[in-house]
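S.K.: Just passing along the structure, written as structure tokens.
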Amino acid sequence: MTNHNYCVILAGGIGSRFWPVSREDRPKQFLDPAGSGRSFLKSTWARMSRLFPQENILVVSLAKYRDQVLAQLPSLREENLILEPYGRSTAPSISLAARVLLLRDPDALMLVTPSDHHIGDRLLFEKSIKNALEYAAQNEVLLTLGVVPSRPDTNFGYIQVTGGKEACGEGKPVKVKTFTEKPDQELAKVFVESGEFLWNSGIFVWKAAVIRSEIQKYAPEISRVWRGWDKALGTPQEASFVERAYADSPRNSIDYALMEKSDNVWVLPVKFEWDDLGTWDSLYSYVSRHNSAGNAELFRGASMVRDSHGNILFSTPKGKLTVICGLDNFMVIDTGDVLVVCPRDGKSIQDTLSEISMPEYADYK
């Protein structure tokens, strides 16, 4: 691999679906809710450090998380920490990172990855990344990694390939036909049974020059806010320029802003173990410590669980006894100041989160 290969880790989200453990002042990427021994961000850094020189790994996060990022990643060079004043989703983040890289290296090839995914099968993952980098280096394309699905899952987006089922099995990049965002259970089942759909991993590989050009073409409302950026970079005006650019930038994901519009999107089917761990329910599968009743129990204090099955039980207060009886497929999350009891799919939490914006609940965000 050459020194023109860079990794960009996106670490600016607030992880609202992991509330109440994930809060605005300490979001999910800095946490280790499954008790693995490393936060999501630390795990991602370790994974990517095996593929990229550490001086070629950049992290994009919010300015308010600067100290947390640097504390968790002491090997991260401060000049490789790109700070956003506001959260504007992934399209502005990627646009900014591409511009930073192009000023540093006009031949930069960038891999973009979220900071909060679970990835198994290390050797297969690394082989897939190397194949993706090689293809993107030789072709002027937008390349994404699509995971061959193991089950119908409504928590993920899906990518349909051209060429049908056979194209997914070749292990080579294939042109994308359609994107579908989080289908219902029935449609997800149809997708998986057809054999021509992949899970959208949110991992991308492309030349920095290509992504900048594609954003200019398909999302000019994002690219136009960066006019004059190269002149401001490294000057006393840089901070105020970025502040103004983000104030004017729309909030949009890279999928909606670009990937679903461009006719230059390809996907590499991959088969490594992957999960975006976007919900408490997905964490249930990730946690290795299930007891004989299928409960994932993550307690710091004492617990007594009887006649309960398939639950995820999480409690942080020490010196506290948690008693659960007669509960199936629920989640019980206790952070000391907040107690959540709801079905494990967590859909009711999303309705509850809308209430958190009310003044009387502001302290619990």
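S.K.: Amide H to amide H, which residues 5 or more places from Ser253 or on other chains are under 5 Å from it, using H placed in the peptide plane?
M.R.: Thr90, Ala91
S.K.: Counting only protein chains, not ligands or nucleic acids, how are Lys130, Lys217 ordered by accessible area (probe 1.4 Å), most first?
M.R.: Lys217, Lys130
S.K.: Once both axes come from the Cα atoms, what is the angle between helix 238-248 and the longest principal axis of the chain, in degrees from 0 to 90, rounded to 10?
M.R.: 70 degrees
S.K.: I've got another one for you. Residue-wise, which Karplus ³J(HN,Hα) couplings in Hz belong to the stretch 152-166, taking 6.51 cos²θ - 1.76 cosθ + 1.60, θ = phi - 60°, and x for glycine or proline?
M.R.: x, 9, 8, 8, 10, x, 10, 10, 9, 9, 7, x, x, 4, 4
S.K.: List the relative contact order of the chain as a percent without decimals, with contacts defined as Cα pairs under 8 Å and 6+ residues apart.
M.R.: 18 percent
S.K.: Could you report the chain's accessible area per residue, 1.4 Å probe, as an integer in Å²?
M.R.: Counting only protein heavy atoms, the per-residue value for the chain is 46 Å².
S.K.: By DSSP, what percent of the beta bridges with both residues in the chain are antiparallel, rounded to the nearest 5?
M.R.: Of all bridge pairs located within the chain, approximately 45 percent are antiparallel.
S.K.: Here is a follow-up. With θ set to phi - 60° and the Karplus curve 6.51 cos²θ - 1.76 cosθ + 1.60, what are the ³J(HN,Hα) couplings of the stretch 302-308 in order, to the nearest whole Hz, using x for Gly and Pro?
M.R.: Per-residue couplings from phi come out as 6, 8, 9, 10, 10, 6, 10 Hz.
S.K.: Roughly how much of Asp230 is accessible, in Å² to the nearest 10, using a 1.4 Å probe?
M.R.: 90 Å²
S.K.: Summarise the long-distance tail of P(r) for the stretch 219-299 by giving the % of C-alpha pairs beyond 16 Å.
M.R.: Working: 2344 of 3240 pairs.
Pairs farther apart than 16 Å: 72 percent.
S.K.: Students sometimes get this wrong: rank Lys207, Lys177, Lys182 by accessible area, probe 1.4 Å, all chains present, largest first.
M.R.: Correct descending sequence by accessible area is Lys177, Lys182, Lys207.
S.K.: Would you please classify the overall shape of the stretch 65-223 from the alpha carbon gyration tensor, given that a ≥ b ≥ c denote the square roots of the eigenvalues, rounded means a/c under 1.5, and beyond that prolate means a/b larger than b/c while oblate covers the rest?
M.R.: Numbers: a/c = 1.71, a/b = 1.54, b/c = 1.11.
Here the stretch 65-223 falls in the prolate category.
S.K.: Leaving ligands, DNA and RNA out of it, work out the accessible area of Glu78 with a 1.4 Å probe and give it in Å² to the nearest 10.
M.R.: Counting only protein heavy atoms, Glu78 exposes about 100 Å² to solvent.
S.K.: Taking only the alpha-carbon atoms of the chain, what semi-axes of the equivalent ellipsoid follow from 5 times the gyration tensor eigenvalues under a square root, in whole Å, largest first?
M.R.: On the way: eigenvalues 239, 135, 71 Å².
Equivalent ellipsoid semi-axes, largest first: 35, 26, 19 Å.
S.K.: Order Val147, Val341, most accessible first, counting only protein heavy atoms with a 1.4 angstrom probe.
M.R.: Putting Val147, Val341 in descending order of accessible area: Val341, Val147.
S.K.: Still on this structure, please answer the following. Ordered by residue, what ³J(HN,Hα) values in Hz, to whole numbers, does the stretch 61-68 give under the Karplus form 6.51 cos²θ - 1.76 cosθ + 1.60, where θ = phi - 60° and Gly and Pro are x?
M.R.: The phi angles translate into 8, 7, 4, 5, 9, 3, 5, 5 Hz.
S.K.: Quick check on the stretch 134-200: take the gyration tensor over C-alpha atoms, sort the square-rooted eigenvalues as a ≥ b ≥ c, and tell me if it's rounded (a/c under 1.5), prolate or oblate.
M.R.: prolate
S.K.: Moving on. What's log10 of I(q)/I(0) for the stretch 131-261 at q = 0.09, 0.13 Å⁻¹, Debye sum over Cα points only, no solvent?
M.R.: The calculated log intensity ratios at q = 0.09, 0.13 Å⁻¹ are -0.35, -0.66.
S.K.: If ligands, DNA and RNA are left out, what is the accessible area of Tyr361 with a 1.4 Å probe, given in Å² to the nearest 10?
M.R.: We get 100 Å² for Tyr361.
S.K.: Take every DSSP beta bridge with both residues inside the stretch 1-99 and express the antiparallel ones as a percent of the total, to the nearest 5.
M.R.: 10 percent
S.K.: A further question follows. Mind checking the stretch 312-344 for trypsin sites (Lys or Arg not before Pro) that DSSP puts in a loop (not H, G, I, E or B) and that have at most 15 other Cβ atoms within 10 Å?
M.R.: Answer in residue order: Lys318, Lys320.
S.K.: Right, here's the next one. For the chain, what is the mean residue ellipticity at 222 nm derived from helices alone (per DSSP H run of n ≥ 4: -39500 (n - 2.57); sum divided by total residues; nearest 500 deg cm²/dmol)?
M.R.: Dividing the helical sum by the residues of the chain leaves -8500 deg cm²/dmol.
S.K.: Name the residues whose placed amide hydrogens come within less than 5 Å of the amide hydrogen of Val270, ignoring near sequence neighbours (fewer than 5 apart) on the same chain.
M.R.: Result for Val270 returns Gly146, Val147, Val148.
S.K.: Once amide H atoms are placed 1.01 Å from N in the peptide plane, what residues at a sequence separation of 5 or more from Lys182, or on another chain, have their amide H within under 5 Å of its amide H?
M.R.: Amide H neighbours of Lys182, under 5 Å, 5+ apart: Gly157, Tyr158.
S.K.: Taking a threshold of 20 Å on the Cα-Cα distance, which of the pairs Lys64/Lys365; Lys42/Lys320; Lys127/Lys261 fall above it?
M.R.: Beyond 20 Å between Cα atoms: Lys42/Lys320; Lys127/Lys261.
The values are calculated or read from the model by the stated rules, or taken from the named source; none is laboratory data. Note that this is a predicted model, so its numbers are computed, not measured. Cβ atoms come from the backbone with ideal geometry, glycine included; neighbour counts cover every protein chain shown. Areas reflect the complete protein model, heavy atoms only, side chains present, ligands, DNA and RNA absent. Shrake-Rupley method; radii C 1.70, N 1.55, O 1.52, S 1.80 Å.
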